[in-house]
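Contents: one structure, followed by commentary.
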Ligand code: ADP
């Protein structure tokens, strides 16, 4: 769309002065700054001084308007091109088609601010009313404009130098931050490595005395060393159970430390999911006594492609999900389902009708020792290591874990595992 804002016939030097003044006024109405307005005026007068008279029209171009279009019509083609060279740098675009044989030159300059099409009419009317300065003042005025342009250019130069200084300062700041960040990342990395080594060593050293405690307690309970009083039986049973819990925690810590150190091998092999599920049923049944108000449902997997992955690790992930679900479900159902997922994946989901997890705790439960504080959570024992371990194992297998939960309704933990282990042990995702 083109809407004409103003046009002028140029026949003599007085008209030329008016064309310049009109250009400045048009640019001003469209929001151009003073320097840009004088540039448009200079482009117009550079072209019009060329021929013997002509016309100039100022248009709004585009829908919505995007630029000021200046159309200069000369009586003849614009000579040796000097005028075009003088006008071109003043505008964004200048076109002249020499093959047409006449002197129509089209120029444009992008608008500095949005102008609505509806503004064209009022601007045009406003421009009709401008009072041109008389001819005699023209040369004086041009001198003043030149001085003004020089002043504006100098101010702009100063601004640029200022901005450059500020940019240099910012740059130095960014560099300093970058160096600091790098140092922090290094020290975090070292701290994390130390933590892993510490956990591995401590866990390892704890294992031997723990297995002695477990065996000795079992021997005592089996009456290998003679009869026990009821009280002794109760106390030794307590020792055995505590040592058992501790051994579970030590094993989880060792597993976590091994995975973090990148030394945990993955042994992919064809996996019979039906067998894995059967073993899980057997392992978890003791947690659900026949009179329990919780039903454990582990459906036989159906319609799944044959998987090649590390069976031990997959089973450990599902075991952790299932034992959590049983821990945090007082009545209803805990169900394991395996379905084909997007891409070459299998999605294992463990859903329960338990206490659920509040939104703000969901991110934390996959962090080491990230437990939710609450009366039920305090009653059932746990270490806060099961879910982080499950996530690390799933990622080691090339997959990941996820959770959806609604407090008071239940939770669904899922592990999405590639049908075929991707080959190389993937790096721990950050
Ligand atoms: P824990 O040994 O404490 O169970 P986990 O890492 O396995 O450690 O779980 C972390 C926390 O996440 C739990 O303490 C519990 O608050 C919450 N959680 C895990 N599974 C469930 C679930 N199925 N329902 C409700 N809360 C759960």
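Here are a few things to note about the model shown:
- Residues that are surrounded by fewer than 19 Cβ atoms within 10 Å (Cβ to Cβ) and out of contact with any strand residue (DSSP E or B) (no Cβ under 8 Å at 6 or more places or on another chain) within the range 25-51 comprise 28, 31, 33, 34, 35, 49, listed in sequence order.
- Among the residues making up the range 397-413, those that are over 15 Å from residue 329 (Cβ atoms) and part of a loop (DSSP other than H, G, I, E, B) are 397, 398, 399.
- Exactly one residue among 115, 104, 149 is closer than 20 Å to residue 22 by Cα and free of Cβ contacts under 8 Å to residues at least 40 places away in the same chain, and that residue is 104.
- Pairs are defined by a Cβ separation below 6 Å, a sequence spacing of at least 6 or placement on different chains, a first member in the range 381-408 that is free of Cβ contacts under 8 Å to residues at least 12 places away in the same chain, and a second member that is within 11 Å of the ligand (Cβ to nearest atom); the pairs so defined are 404/412.
- The lone criterion from (1) surrounded by 20 or more Cβ atoms within 10 Å (Cβ to Cβ); (2) within 18 Å of residue 7 (Cα to Cα); (3) out of contact with any strand residue (DSSP E or B) (no Cβ under 8 Å at 6 or more places or on another chain) left unmet by residue 122 is number (1).
- Only one of the numbered conditions (1) under 34 Å from the mean Cα position of the chain (by Cα); (2) at pLDDT 85 or above is not met by residue 277, and that is (1).
- Residue check for residue 151: in contact with a strand residue (DSSP E or B) (Cβ under 8 Å, 6 or more places away or on another chain), at pLDDT below 90 and surrounded by 10 or more Cβ atoms within 10 Å (Cβ to Cβ): no
- Given (1) without any contact (Cβ under 8 Å) to a residue 24 or more places away in the chain; (2) assigned to a helix (DSSP H, G or I), index of the condition residue 204 fails: (1)
- One residue from 110, 161, 116 being in contact with a strand residue (DSSP E or B) (Cβ under 6 Å, 6 or more places away or on another chain) and at pLDDT 90 or above: 110
- When residue 57 is tested against (1) modelled with pLDDT of 90 or more; (2) buried (at least 21 other Cβ atoms within 10 Å of the Cβ); (3) in contact with a strand residue (DSSP E or B) (Cβ under 8 Å, 6 or more places away or on another chain), just one condition goes unmet, and that condition is (2).
- Check on residue 231, on the phi < 0 side of the Ramachandran plot and out of contact with any helix residue (DSSP H, G or I) (no Cβ under 9 Å at 6 or more places or on another chain): yes
- Taking strands (runs of 3 or more DSSP E) as the structural unit, those lying wholly within the range 67-142 and holding at least 2 residues that are in contact with a helix residue (DSSP H, G or I) (Cβ under 7 Å, 6 or more places away or on another chain) and closer than 22 Å to residue 28 by Cβ correspond to 67-74, 103-110.
- Positions within the range 327-336 being in contact with a helix residue (DSSP H, G or I) (Cβ under 9 Å, 6 or more places away or on another chain) and under 20 Å from residue 373 (Cβ atoms), in sequence order: 327, 328, 330
The values are calculated or read from the model by the stated rules, or taken from the named source; none is laboratory data. Just so we're clear, the structure is a prediction, and the values are computed from it rather than from any experiment. Here the Cβ is made from the backbone with ideal geometry for all residues, glycine too, and neighbour counts use every protein chain on show.
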